[in-house]
Structure formats: structure tokens, C-alpha cells
1. Which of Thr142, Thr109, Thr88 moves the most in a Gaussian network model of the chain with Cα springs under 10 Å?
2. Compare Asn40, Asn125, Asn135 in a GNM of the chain, Cα atoms joined below 10 Å, and give the one with the largest fluctuation.
3. First check a/c for the range 66-151, with a ≥ b ≥ c the square roots of the eigenvalues of its C-alpha gyration tensor; if it is under 1.5, answer rounded, and if not, answer prolate when a/b is larger than b/c or oblate otherwise.
4. Considering lysine pairs in the chain that are 8 or more places apart or on different chains, how many have Cα atoms under 26 Å apart?
5. Leaving out ligands and nucleic acids, note down the accessible area per residue over the range 65-152 with a 1.4 angstrom probe, in whole Å².
6. Tally up the carbon and sulfur contribution to the accessible surface of the range 10-152 as a whole percent, 1.4 Å probe, everything protein left in place.
7. Only Cα pairs under 8 Å and at least 6 apart count here; give the relative contact order of the chain as a rounded whole percent.
8. Which of the following values of volume of the Cα convex hull per residue in Å³ was calculated from the structure shown: [x] 137; [y] 170; [z] 202?
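The values are calculated or read from the model by the stated rules, or taken from the named source; none is laboratory data. Just so you know, these numbers come straight off a predicted model, no measurement behind them. Heavy atoms of the whole protein, side chains included, go into the accessibility calculation; ligands, DNA and RNA do not. Shrake-Rupley method; radii C 1.70, N 1.55, O 1.52, S 1.80 Å.
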Amino acid sequence: MKKKLELNVQSLKLRKGFTLIELLIVIAIIGVLAALLMANFVGIRQRARDAQRKSDLRQVQSALELYRADVGSYPLTASFPVCGSPLTSGSNTYIQKIPCDPLTSGRYTYSSDGSTYTIQACLENLNDSQKDAVNVSPCDGTTNWSITLQNP
């Protein structure tokens, strides 16, 4: 009995660490948790960029209304400044910099005939409650969806 007890004690002393199966299970669990967290993190970043786009469109809309109040019409499509440039008329500055899209750093779509205007951006969150009922080009409707602001 004493010899058997010594063998069991020796076998316990030799077993230091984890088995391969235990390590694989822990790695699999960590991988699943990391995948879930990353998917949620990507969604949060998309919604944040969409919030920035909506804010940008409202800022441009406010500047356009001030512009029309002073000049009497909206700037034409061809004369609308590129992103990063100011919207001015004479000595008046209506917005210091036309905002750029936060992801592509490109320009939002603007079109105007002088009496009306349309500003568009592409939202990344396809489930956004403020998106257009009908998707408008250049947004593809699969990875992004349009949002449009028009003159009031």
C-alpha cells in the first residue's frame, strides 16, 4: 500500500501544466469572445461615422441657408467648394471648411440649380432610422445607404 501511495504521489509530481486539449479549449473560447467583441466594435465605429456624416450635412445645410439669406440664391453645383475649402461670398464666410466624409475623406454629393439644393452622403449602417426610403446613387444599397437633405 505504501509503495502504491508513493507511485501516485510521484505521478502527481510529474504532471505539471495543462494538457493539449485543455489549451485548445481555452484558445477556442478566447477566439469566440474576441470575434464577438470585434464585430460589436466595428458596428460602433460605423454608427459613429454615420453620426459625423449627419452632423456634417446639417452644418452645410445651415451654411447654405445663411448664404441664401445674404445672396438670394444657393450656390450652383459647379461653384460649390470642394471639401476642406470655405463657403464664402464677398467678405462673408458661411462655413470655414466644407466637411469631408470621415471614412473616404471625399466630398459629399451636392447639387443645386440656385433655387433648390440636395446634399447626400452614404451611411454605413443599413438599419439607420434616418436613411432615405429609396437608396440613391452613388450609394450601392449593399454596404451603404443614402441620406439626403434638401432645402426646407
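1. Thr142
2. Among Asn40, Asn125, Asn135, the largest mean-square fluctuation in the Gaussian network model of the chain belongs to Asn40.
3. Numbers: a/c = 2.64, a/b = 1.80, b/c = 1.47.
It comes out prolate by the Cα gyration axes.
4. 9
5. Working: 4930 Å² over 88 residues.
Counting only protein heavy atoms, the per-residue value for the range 65-152 is 56 Å².
6. Numbers: 5530 of 9240 Å².
Roughly 60 percent, rounded to a whole number.
7. Working: 174 pairs, mean separation 27.1, N = 152.
Dividing the mean separation by the residue count of the chain yields 18 percent.
8. Computing volume of the Cα convex hull per residue in Å³ and matching it to [x] 137; [y] 170; [z] 202 gives [y].
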